[in-house]
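A.B. asks: Provided herewith is a single structure, encoded as structure tokens, for subsequent inquiry.
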Amino acid sequence: MPTTAKYEVDTLFKDLIDQFSGARLPMPVVVLYAEEADAGLDREVEDVVNAVQEAQESGNLPHRVVAAPEGGDPHHNAIGILDGLARGPWARRGPSWYRSYAFPRSRLVAAVEAAAQHVVGTAGDAAAQPLDDLVEAALARLRDLHWRSEPRATRGELQQTLSPLLNSTTLIGAFVLAGLTTLLTQAHWEVVLGVVMASFLLLTVTGWVRRNTAPLSWLGQASRWFATTTFLAASGRQAAAWSIWRPRMSWDVTQARAREVAGEIIKARLDTTPADEKDRAQQFHLQLRTLALLEDLRSAHRAWAPDLRGRKRRVPPVVFMPRAGADNGGLKVLSAISDVRSRRSEQDPLLVLAGVAQADVAAWLEAESPGPAPVHSGGPRRNSPYETWVSNLRVRQAPSRGRALAWTLPVRLSRLQLSAGNTTGLVAVPVRRTLWFLWSRWTVLLVLVLAAAAGLLRTQQLSHQYCEGRLLGSNHDAVRRQDPGGTRECVGVATGGVSFSTDHDVHLSGTLPGQDTDGHRAGAGITLGTLEEAIARENDRVSALPDVQYITVVYAGALTTAAGQETRALNSLKELAGVHLAQLRNNAGDPLKIKVLVANGGQDMYFQTEMVERIVGVASRDHSIAGVVGLGRDTTDSDTAIGLLQRAGLAVVDTTNSGTDLAKRHVNYFGLAATDQEEAAALRRIVDGLGLPASDRWAAVLTRRPSRDDQYSVEQAKYGTQMLLDAGFQLAGGRPLEYGLTSNGDPDYEEALRASCQSGHRLAVVYLAGRADDVNQLMRRLAADAGCNHPLTVLTGDDLTKAQFRTGATWIAPQATLYYTALTDPAVTARSSDLADAAAAELRISPQPAGGNPYEDDVFSDGAVALAYDATAALHAGAAKAGASQDGGLAAVMAGLRAVDMKNRATGTIDFRDTRPLATDTQPGHGINIIRVGRAADGSVRIERICGRPAGDTGELQGCRP
């Protein structure tokens, strides 16, 4: 039984859709016609096309229906058909999965066409005017309309400018309104006014440009196509040329080609044009219009466009033409599509289903061409009409084959098929959605916004985690950590762009900004930021030297503090200044240069272990690092930290750390400071000199409550208690009395003094096993406590040279005499060194003390600068003896240090020759001094050195009488 024509054509139609969806195969122009000449059968052919089209109304297949006009000029009708296809949306049910088709190339040709038609229609006797004049008039019309096909309805200039600016439904308006709201609530009125004026000016300029320039500018895809298509190059006198970098040349080519096109369109419309020339011009016009339409559709299905439009549009656009005749221009359109496709190598997606009357077939198809085979639904797929057509396509396009309409797939329908009735129901082609539809400009915008927000949040997270946090390439050598007081500090090694300086930098003179920074005090203008910049400059200078040999010294200290406690970083700041001075002094003449890296362990070296881990990490990459200078605070982590450096093969030359067991446990440790055991032994001379009877030998040991960042107090209490017991003293409370710290770091002596001053025994000695910062509060409490309001001897092992007794910032109780140990006395030991000269030449530090000795100035007197200066020189000397540099030999630095013997240094003699590794005995040669502070008869504070020895001296202390 034969099936109906509607079923056969619908089957072929769906097969074509499948071929495009699956493999993007070429789409033909399908022409239906009756096998016999019969007006009724011709109407049945139209019904077949209408039936297939009506079935698609319920689906999402993009399509247009061409209702060709009856009568009129066939050429004008054909142009009207093409113009209609390029205007308005293509029909489909429901919302589009992607935006509607755009036809910029068709609009460009339509603009030229409209200008030419306007000139021909308004020029009076156009046939009598020269063609060049008409062409120039058409171009002038184009320029007046800004290359649009018709004038645009305009609003007022002010309204057009402000509308996008203040419309919250547009993206730019939303941003502008949000920005203005933020500015109005947070900025000054001058800033708000400036921003509003700048925004108005910007919108005015961009609006004028948008309204008064061609929408199809040289950057547009239509203008680029118009300037480069070989279709126009074959007919015009202007060579194809387009460049994004040469807009003038590109636009000149576009206008020259527009002149050629306008001339051809004018000739096609003038009645006085010779017949053969007019026919040629009409063919050119029709094929150019067809080419523009096909190029627009091809661009709309380009698979790898930025918006991936071709992967979203899985089905071809379809044109239904129920009646394509010679009179209504339909056959001209079909012929033009086939002709353009045969001329071009590009493949466009357009599928056309047209019905042709049998009377027009003979005039349309060449008589010598073989007739098409009828449609058969059965049989193998490879014998289907489409398979036969596509396999012959390449040969049929050849001119020698005598067939101009190679892209046409004729379908001959028999009377039996056409008259079989409507027994078959047709359904819409299922258009399946793919995941590619998620990719759109709004999706991209959303993804970009989310990515930007995520990137911003991640950057903020990284900036909270790392001192130099970036979305890509964060610096892992320095991290941000929060200390117990809630302060976030930058901890680690200052590599890259990391800086530990803050807005509250303490000055080298001990002042803060605003206190005394006029430059009259030595070092008043030198801050941590100043030293970091100076060190970076010197490091860069060393790197730039040709064939340079150098080592890198890492200074590790407590360079940051909580707000309001900046002076607690003063000791580390001075040590860093000493390291830098040693660097500059050495690099001025020694062949082995020094680079310096700065490492920070946070306030009170709370993050000492993490800092050391960062140092070890940097040393694994930088093979010039010879060792570490600093680590001057004894904490519970000190042993672990030095052990990490030992395993990494890095030597440690310590400045002020008085831990007794560090040198006994680590072969890489070299300390310049006297140990807690040595300090207690020195203070024994003061205790013995008091000559107290056994009944009066009562003492109290006050120590800080043990904490992670303070091992120093524990060791002082241990050796101080043992010293007092050995000297025959009894302890109030029978043990060391602990005191805590308040939330702002001040000592709280309430319970400790109640157990000592009010113990029922008259105290003769108070041993403070704490920090120099605790002395001031202790003296005030002793003066106020009636139980201790009698002559007292106060001992402490901490170096109080940084205490400000003379200024009154550190107070002395009237009944107390304070004895403390100092690690060095530069006023005595540094006279023969070059420290002062280096400070004056390099850092412009020129103290002018009353006695003429620069080392009596506060910037030098506490010995911090001198100790770091000598420690850096010792590490360099050890590296030099080991032959170490950035090229190797660093493993021998520790051995080289044990051969160091340096005389006339700022702290005395640095001699590590007798420093035995892991020795259980006290290491010889540490400098130590005992300082007495008391009140004179007139109430003034009197500070005097009563005994001591410089570094390198192994003799006994002499003259230590209270």
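The values are calculated or read from the model by the stated rules, or taken from the named source; none is laboratory data. Every value quoted in this text rests on a predicted model; they were computed, and no experiment measured them. Every residue, glycine among them, receives a Cβ derived from its backbone with ideal geometry; neighbour counts consider all protein chains shown.
A.B. asks: Could you tell me which of the residues ARG916, ARG945 is charged (D, E, K, R) and part of a loop (DSSP other than H, G, I, E, B)?
C.D. replies: The unique qualifying residue is ARG916.
Yes or no, residue by residue, for (1) within 24 Å of TYR855 (Cα to Cα); (2) basic (Lys, Arg); (3) at pLDDT 70 or above; (4) surrounded by fewer than 24 Cβ atoms within 10 Å (Cβ to Cβ):
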| residue | (1), (2), (3), (4) |
| --- | --- |
| VAL491 | no, no, yes, no |
| SER501 | no, no, yes, yes |
| LEU508 | yes, no, yes, no |
| GLY519 | yes, no, no, yes |
| GLY523 | yes, no, yes, no |
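A.B. asks: Something else about it: Any chance region 570-592 includes a residue that's modelled with pLDDT of 90 or more, surrounded by fewer than 24 Cβ atoms within 10 Å (Cβ to Cβ) and assigned to a strand (DSSP E or B)?
C.D. replies: Checking region 570-592: at least one residue is modelled with pLDDT of 90 or more, surrounded by fewer than 24 Cβ atoms within 10 Å (Cβ to Cβ) and assigned to a strand (DSSP E or B).
A.B. asks: With ALA813, ALA803 as the choices, which residue is over 50 Å from the mean Cα position of the chain (by Cα), part of a loop (DSSP other than H, G, I, E, B), free of Cβ contacts under 8 Å to residues at least 40 places away in the same chain and farther than 15 Å from LEU702 by Cα?
C.D. replies: ALA813
A.B. asks: Name, by its number, the condition in (1) more than 34 Å from the chain's Cα centre (by Cα); (2) within 24 Å of LEU645 (Cβ to Cβ) that does not hold for THR511.
C.D. replies: The number of the failed condition is (2).
A.B. asks: Give the number of residues within region 407-458 that are exposed (fewer than 12 other Cβ atoms within 10 Å of the Cβ), under 30 Å from ARG313 (Cα atoms), small (Gly, Ala, Ser) and over 48 Å from the mean Cα position of the chain (by Cα).
C.D. replies: The total comes to 1.
A.B. asks: So, one more: Taking the residues in region 683-698 that are surrounded by fewer than 24 Cβ atoms within 10 Å (Cβ to Cβ) and touching a strand residue (DSSP E or B) at 6+ places or on another chain (Cβ under 8 Å) as candidates, determine which candidate is nearest to ASP773 (Cα to Cα).
C.D. replies: Applying the filter and picking the extreme gives ILE686.
A.B. asks: Let me ask something additional. Of a type outside the set (Asp, Glu) and either in contact with a strand residue (DSSP E or B) (Cβ under 6 Å, 6 or more places away or on another chain) or in a loop (DSSP other than H, G, I, E, B) (or both): does that describe VAL429?
C.D. replies: When the stated conditions are applied, VAL429 passes them.
This table checks each residue for (1) in contact with a helix residue (DSSP H, G or I) (Cβ under 8 Å, 6 or more places away or on another chain); (2) within 29 Å of TYR33 (Cβ to Cβ); (3) part of a loop (DSSP other than H, G, I, E, B).
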position: ALA292; (1), (2), (3): yes, yes, no
position: ARG311; (1), (2), (3): yes, no, no
position: VAL319; (1), (2), (3): yes, yes, no
position: ASP327; (1), (2), (3): yes, yes, yes
position: VAL333; (1), (2), (3): yes, yes, no
position: ILE337; (1), (2), (3): yes, yes, no
position: ASP348; (1), (2), (3): yes, yes, yes
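A.B. asks: Residues to consider are LEU782, LEU741; find the one that is in the same structural domain as ALA680 (by TED's automatic domain parsing) and surrounded by fewer than 22 Cβ atoms within 10 Å (Cβ to Cβ).
C.D. replies: Details: LEU782 fails: surrounded by fewer than 22 Cβ atoms within 10 Å (Cβ to Cβ).
After applying the criteria, what remains is LEU741.
A.B. asks: Let me ask something additional. Tally the residues that are of a type in the set (A, V, I, L, M), in a loop (DSSP other than H, G, I, E, B) and either free of Cβ contacts under 8 Å to residues at least 60 places away in the same chain or more than 20 Å from ARG932 (Cα to Cα) (or both), restricting the search to region 683-717.
C.D. replies: Within region 683-717, residues that are of a type in the set (A, V, I, L, M), in a loop (DSSP other than H, G, I, E, B) and either free of Cβ contacts under 8 Å to residues at least 60 places away in the same chain or more than 20 Å from ARG932 (Cα to Cα) (or both) number 0.
A.B. asks: Right, another one. Please state which one of SER58, SER100 is in contact with a Phe, Trp or Tyr (Cβ under 8 Å, 6 or more places away or on another chain) and exposed (fewer than 15 other Cβ atoms within 10 Å of the Cβ).
C.D. replies: Working: SER58 fails: in contact with a Phe, Trp or Tyr (Cβ under 8 Å, 6 or more places away or on another chain).
Result: SER100 is the single residue among SER58, SER100 that is in contact with a Phe, Trp or Tyr (Cβ under 8 Å, 6 or more places away or on another chain) and exposed (fewer than 15 other Cβ atoms within 10 Å of the Cβ).
A.B. asks: Give me a count of the residues in region 435-476 that are in a loop (DSSP other than H, G, I, E, B) and without any contact (Cβ under 8 Å) to a residue 24 or more places away in the chain.
C.D. replies: Of all residues in region 435-476, those in a loop (DSSP other than H, G, I, E, B) come to 439-440, 469-474.
Narrowing further to those that are without any contact (Cβ under 8 Å) to a residue 24 or more places away in the chain: 469-474.
So the answer is 6.
A.B. asks: Which of the following residues is under 29 Å from GLY878 (Cβ atoms) and in contact with a Cys (Cβ under 8 Å, 6 or more places away or on another chain): VAL548, VAL542, VAL479, VAL498?
C.D. replies: The conditions single out VAL498.
A.B. asks: Within the group VAL479, VAL553, VAL491, which residue is within 20 Å of HIS623 (Cα to Cα), in a strand (DSSP E or B) and either in the same structural domain as LEU897 (by TED's automatic domain parsing) or not polar (S, T, N, Q) (or both)?
C.D. replies: Residue meeting the stated conditions: VAL553.
A.B. asks: Just name the residue that is nearest to the chain's Cα centre (by Cα) out of those in region 904-922 that are hydroxyl-bearing (Ser, Thr, Tyr) and either surrounded by 14 or more Cβ atoms within 10 Å (Cβ to Cβ) or under 14 Å from THR655 (Cα atoms) (or both).
C.D. replies: Residues of region 904-922 that are hydroxyl-bearing (Ser, Thr, Tyr), as a first pass: 907, 909, 915, 920, 922.
Now restrict to residues that are either surrounded by 14 or more Cβ atoms within 10 Å (Cβ to Cβ) or under 14 Å from THR655 (Cα atoms) (or both): 907, 909, 915, 922.
Details: THR907: 48, THR909: 52, THR915: 51, THR922: 54 Å.
So, considering only residues that are hydroxyl-bearing (Ser, Thr, Tyr) and either surrounded by 14 or more Cβ atoms within 10 Å (Cβ to Cβ) or under 14 Å from THR655 (Cα atoms) (or both), the one nearest to the chain's Cα centre (by Cα) is THR907.
A.B. asks: Residues that are without any contact (Cβ under 8 Å) to a residue 40 or more places away in the chain, among the acidic types (Asp, Glu) and surrounded by fewer than 18 Cβ atoms within 10 Å (Cβ to Cβ): does region 279-299 have at least one?
C.D. replies: Yes - at least one qualifying residue is present in region 279-299.
A.B. asks: Got a number for residues in region 92-143 being modelled with pLDDT under 80, hydrophobic (A, V, I, L, M, F, W, C) and closer than 30 Å to ARG432 by Cα?
C.D. replies: 1
A.B. asks: Turning to a different aspect of this structure: Working only within region 636-661, note down all residues that are part of a helix (DSSP H, G or I) and either of a type in the set (Phe, Trp, Tyr) or buried (at least 22 other Cβ atoms within 10 Å of the Cβ) (or both).
C.D. replies: Applying the first criterion (part of a helix (DSSP H, G or I)) to region 636-661 yields 638-647.
Once the filter is applied, which keeps residues that are part of a helix (DSSP H, G or I) and either of a type in the set (Phe, Trp, Tyr) or buried (at least 22 other Cβ atoms within 10 Å of the Cβ) (or both), region 636-661 yields SER638, ALA641, ILE642, LEU645.
A.B. asks: While we're on this one: Quick one: in region 189-210, which of the residues that are at pLDDT 70 or above, farther than 28 Å from ARG148 by Cα and not β-branched (Val, Ile, Thr) is surrounded by the most Cβ atoms within 10 Å (Cβ to Cβ)?
C.D. replies: If we take residues in region 189-210 being at pLDDT 70 or above, farther than 28 Å from ARG148 by Cα and not β-branched (Val, Ile, Thr), then SER199 is surrounded by the most Cβ atoms within 10 Å (Cβ to Cβ).
A.B. asks: Given the criteria of a type outside the set (Gly, Ala, Ser) and within 15 Å of SER100 (Cα to Cα), does LEU334 qualify?
C.D. replies: In short, no.
A.B. asks: Tell me which of these ARG633 doesn't satisfy, since it passes every other one: (1) of a type outside the set (A, V, I, L, M, F, W, C); (2) surrounded by 19 or more Cβ atoms within 10 Å (Cβ to Cβ); (3) part of a loop (DSSP other than H, G, I, E, B); (4) on the phi > 0 side of the Ramachandran plot.
C.D. replies: Among (1) of a type outside the set (A, V, I, L, M, F, W, C); (2) surrounded by 19 or more Cβ atoms within 10 Å (Cβ to Cβ); (3) part of a loop (DSSP other than H, G, I, E, B); (4) on the phi > 0 side of the Ramachandran plot, the lone unmet condition for ARG633 is (4).
A.B. asks: If you don't mind, there's one more thing I want to ask. Pairs under 6 Å by beta carbon, first residue free of Cβ contacts under 8 Å to residues at least 60 places away in the same chain in region 736-756, partner among the acidic types (Asp, Glu), six or more apart or different chains?
C.D. replies: Matching pairs, first to second residue: TYR739/ASP748; GLY740/ASP748; THR742/ASP748; PRO747/ASP774; LEU753/ASP785.
A.B. asks: Quick one: how many residues across region 302-337 are under 16 Å from TRP364 (Cα atoms) and of a type in the set (Asp, Glu)?
C.D. replies: Result for region 302-337: 1.
A.B. asks: Hey, could you check region 817-854 for residues that are more than 27 Å from ALA871 (Cβ to Cβ) and modelled with pLDDT of 90 or more and say which is nearest to the chain's Cα centre (by Cα)?
C.D. replies: So the residue we want is LEU818.
A.B. asks: Separate question: Six or more apart or on different chains, Cβ atoms under 8 Å: show the pairs whose first residue is in region 762-778 and basic (Lys, Arg) and whose second is outside any strand (DSSP E or B).
C.D. replies: Taking only residues 6 or more apart or on different chains, the pairs are ARG762/ASP696; ARG762/HIS790; ARG771/TYR712; ARG771/SER713; ARG771/ASP798.
A.B. asks: So, ARG302, is that one part of a loop (DSSP other than H, G, I, E, B) and either closer than 22 Å to LEU351 by Cα or touching a residue at least 12 places away in the same chain (Cβ under 8 Å) (or both) or not?
C.D. replies: yes
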